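Asker: One structure is given below, represented as C-alpha cells, and several questions about it will come after.
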C-alpha cells in the first residue's frame, strides 16, 4: 500500500511584508489626489460665493469630518512607518467618535441637498440610494475594522475598504461624467460610472496580496462578493426610481 500524504494546512496569512509600508503610503497619496481633484471645484465655488445654496452647519461639519478621516488615516500610516505602534493604537480610538459624526453628517447633508434640488429634480430621490449606500458601507467596514483591530492584517484591509468606499465617491466626481458618456447610465453603466474607482483600488489590493503572500486575505474573499451584490442592488433601486445622478454639493 502507498502511504497517503497528509494534506498541508493552508499557510497562515503573513500580517506584515516589507513592501506594505510603500503600498499603504501610496494608497494614502492616491486618496488625497482623488479627494482634491473631485472636490476642488465645489470647494472653490463655495469660497467664491458661487455655490448654489448656503452651507448650513451640518454641511460644514460634513466638509470637515470626511477630510478628517483622511488626516487620521495619514497619521496612522506615518505612525506605523516610524514604529510608533502604541500611539497608533491610541489615536485610532478617535475613530469611535469620528465614524458616527461622519455617518450622521453625510446623510443629513444629502437630505439638505434633496430639499434644495427635490422640487425641481424629480430624479433626485433615485440618486439618494447612492450616498445612503456609501454611508452604510463605510460604517459597517470601519466598524468591523475597529472590532478586529487586534488582528492587524484584517484591520488594515477593512480600513482600506472603508476608505475606498468614500474616496470612490470623490473619484466619481472627477471621472464620473466621462465614464457616463462612455458607458451610459443603464443598469451596468451606472455601476461602471459610479463604482469603478472602488473596484480599481480593490483589484490593486487583491493583486498586491497575491504578489506578496501568494494568497488573498479572507477580508477580501468575504467582503468583495458582498460588495458586488450590494452594488447590483443599488443600481436596481436607482433605476427603479428612474434616476440620473446629479453631483452632490
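FYI, it's all coordinate maths here, none of it is from the lab. Everything quoted here is computed from the prediction, not taken from an experiment. Heads up, the Cβs are rebuilt from the backbone with ideal geometry, glycines too, and the neighbour counts pull from every protein chain shown.
Asker: For residue 200, are the conditions met, namely being touching a helix residue (DSSP H, G or I) at 6+ places or on another chain (Cβ under 8 Å) and either part of a helix (DSSP H, G or I) or over 27 Å from residue 108 (Cα atoms) (or both)?
Answerer: Here the answer is no, as residue 200 does not meet what is asked.
Asker: Among the listed residues 125, 215, which satisfies the condition of being surrounded by fewer than 20 Cβ atoms within 10 Å (Cβ to Cβ), within 24 Å of residue 15 (Cβ to Cβ) and touching a residue at least 12 places away in the same chain (Cβ under 8 Å)?
Answerer: 215 is the lone residue from the list that is surrounded by fewer than 20 Cβ atoms within 10 Å (Cβ to Cβ), within 24 Å of residue 15 (Cβ to Cβ) and touching a residue at least 12 places away in the same chain (Cβ under 8 Å).
Asker: Could you tell me which numbered condition residue 106 fails, if it satisfies all but one of (1) farther than 20 Å from residue 157 by Cα; (2) crowded, with 19+ Cβ neighbours inside 10 Å; (3) more than 16 Å from the chain's Cα centre (by Cα)?
Answerer: For residue 106, the failing item is (3).
Asker: Kindly evaluate residue 178 against the criterion of being within 16 Å of residue 230 (Cβ to Cβ) and assigned to a helix (DSSP H, G or I).
Answerer: Considered against the rule, which asks whether it is within 16 Å of residue 230 (Cβ to Cβ) and assigned to a helix (DSSP H, G or I), residue 178 comes out as no.
Asker: Might you check whether a residue that is over 30 Å from residue 72 (Cα atoms), in a helix (DSSP H, G or I) and either in contact with a helix residue (DSSP H, G or I) (Cβ under 7 Å, 6 or more places away or on another chain) or free of Cβ contacts under 8 Å to residues at least 12 places away in the same chain (or both) occurs anywhere in region 190-197?
Answerer: For region 190-197, residues over 30 Å from residue 72 (Cα atoms), in a helix (DSSP H, G or I) and either in contact with a helix residue (DSSP H, G or I) (Cβ under 7 Å, 6 or more places away or on another chain) or free of Cβ contacts under 8 Å to residues at least 12 places away in the same chain (or both): present.
Asker: Okay, next question. So residue 207 fits all but one of (1) part of a helix (DSSP H, G or I); (2) in contact (Cβ under 8 Å) with a residue 24 or more places away in the chain; what number is the exception?
Answerer: So residue 207 meets the others, but not (2).
Asker: Still on this structure: Restricting to region 140-198, name every residue that is over 21 Å from residue 96 (Cβ atoms), under 14 Å from the mean Cα position of the chain (by Cα) and surrounded by fewer than 18 Cβ atoms within 10 Å (Cβ to Cβ).
Answerer: 196 - this is the single residue of region 140-198 that is over 21 Å from residue 96 (Cβ atoms), under 14 Å from the mean Cα position of the chain (by Cα) and surrounded by fewer than 18 Cβ atoms within 10 Å (Cβ to Cβ).
Asker: Filtering region 218-229 down to residues that are touching a helix residue (DSSP H, G or I) at 6+ places or on another chain (Cβ under 8 Å) and farther than 13 Å from residue 199 by Cα, which residue is surrounded by the fewest Cβ atoms within 10 Å (Cβ to Cβ)?
Answerer: Looking at the filtered set, the residue picked out is 218.
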